[in-house]
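Structure, as structure tokens:
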Amino acid sequence: MKNILYILILFAYACQSTTAQKVDDTIKEDQEFEALLKKVAANNAFSLQVQAKAQETQTQIVTQTVEKITTLKQEVTILKTELDEVKATLDSVSADTGVSFLILPISKDKKDRSGLSGDHDSTARRIH
């Protein structure tokens, strides 16, 4: 029994002086590399989500722009039609309205401008 006790004491003493194996530098580098790969994978997943949202937004903006352009083209067509109608109306109106009126020359003197003085028949043109 003494022998077993000596062996156990010797074994206990031997275990106290030993240390765990040192972690090899390549194992640490591998762990760091694995952590970086996980971060890259997470960034890629996030990037895909952002790109999908950006694509949806871009599609929406393009759709709205196309609708706006179509609406503006329709408005331009309507305005052109209205302008053509107004031109046709103006062309159909006769220059002679059948009413005579006077066109008086503008005087350079202030006193002549202040009122209707003098004979306007000699300076005015009658238009019929």
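The values are calculated or read from the model by the stated rules, or taken from the named source; none is laboratory data. This one's a predicted model, so the numbers in the text were calculated from it and none came from an experiment.
Some observations on this one:
- Test set (1) at pLDDT 70 or above; (2) of a type in the set (A, V, I, L, M, F, W, C); (3) over 28 Å from the mean Cα position of the chain (by Cα) - Val99 fails condition number: (1)
- Any chance Glu75 is within 22 Å of the chain's Cα centre (by Cα) and modelled with pLDDT of 95 or more: no
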